[in-house]
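The values are calculated or read from the model by the stated rules, or taken from the named source; none is laboratory data. If you're wondering where the values come from, they're calculated on a predicted model, not measured in any experiment. Virtual Cβ from ideal backbone geometry, glycine too; neighbours counted across all protein chains shown.
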């Protein structure tokens, strides 16, 4: 694995591989959720018209190593960090931080005063490391499974 990481804006041609990154991170990476919860959260890689519409409505950043997408982070307007996923074999190498720096630069250019997100148990420490504070713990239900997560925000 190369240490040459680049961050760029995603295009529509990236959408399917970004769904695969999300699936890989949730289903194959380290997790504090049960296999049943992981399967309910992301039963299969996201793709298709609904996925394309979701990503097309957001500012999407992709991390690449040697031309291969390895991470994704998205900004849904006005100030919501919607997706933040890094392939398991690239976690712990600063990819999340690099993606967030690009997203924060965009948020500041748009004049945003804050960013907020709903962070999973796995993502909460990474968001905390880039300055987010927990507003409150939450429990949500997806496909019959309950998930603990955190409402978080960061002032810019």
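Can you tell me which residues in the range 1-21 are in a loop (DSSP other than H, G, I, E, B) and surrounded by fewer than 16 Cβ atoms within 10 Å (Cβ to Cβ)?
Initial filter on the range 1-21 (in a loop (DSSP other than H, G, I, E, B)): 1-4, 10-11.
Correct list: 1, 2, 3, 4, 11.
Hey, any hits in the range 134-154 for a residue that's part of a loop (DSSP other than H, G, I, E, B), surrounded by 13 or more Cβ atoms within 10 Å (Cβ to Cβ), out of contact with any helix residue (DSSP H, G or I) (no Cβ under 8 Å at 6 or more places or on another chain) and on the phi < 0 side of the Ramachandran plot?
From the range 134-154, those part of a loop (DSSP other than H, G, I, E, B) are 143-144; that's our starting set.
Those left that are additionally surrounded by 13 or more Cβ atoms within 10 Å (Cβ to Cβ): none.
No, the conditions are met nowhere in the range 134-154.
Kindly list, by first and then second residue, each pair from a residue in the range 129-156 that is at pLDDT 95 or above to a residue that is part of a loop (DSSP other than H, G, I, E, B) and loosely packed, with under 12 Cβ neighbours inside 10 Å, limited to pairs with Cβ atoms under 7 Å and residues at least 6 apart or on different chains.
These pairs meet every condition: 155/113; 156/113.
Would you mention how many residues in the range 115-133 are assigned to a helix (DSSP H, G or I) and loosely packed, with under 15 Cβ neighbours inside 10 Å?
Quick first cut of the range 115-133, residues assigned to a helix (DSSP H, G or I) only: 124-129.
Retained after the next criterion (residues that are loosely packed, with under 15 Cβ neighbours inside 10 Å): 125, 129.
Matching residues across the range 115-133 total 2.
For the range 109-156, give me each residue that is out of contact with any strand residue (DSSP E or B) (no Cβ under 6 Å at 6 or more places or on another chain) and over 26 Å from residue 92 (Cα atoms).
109, 110, 111, 112, 113, 141, 142, 143, 144, 145
Could you pull out the residue among 81, 72 that is surrounded by 22 or more Cβ atoms within 10 Å (Cβ to Cβ), within 23 Å of residue 146 (Cα to Cα) and modelled with pLDDT of 95 or more?
Values: 72 fails: within 23 Å of residue 146 (Cα to Cα).
Of 81, 72, the one residue that is surrounded by 22 or more Cβ atoms within 10 Å (Cβ to Cβ), within 23 Å of residue 146 (Cα to Cα) and modelled with pLDDT of 95 or more is 81.
Check 10, 40, 25 and return the single one that is farther than 26 Å from residue 106 by Cβ, in contact with a strand residue (DSSP E or B) (Cβ under 6 Å, 6 or more places away or on another chain) and at pLDDT 95 or above.
Details: 10 fails: farther than 26 Å from residue 106 by Cβ; 25 fails: farther than 26 Å from residue 106 by Cβ.
Answer to the selection: 40.
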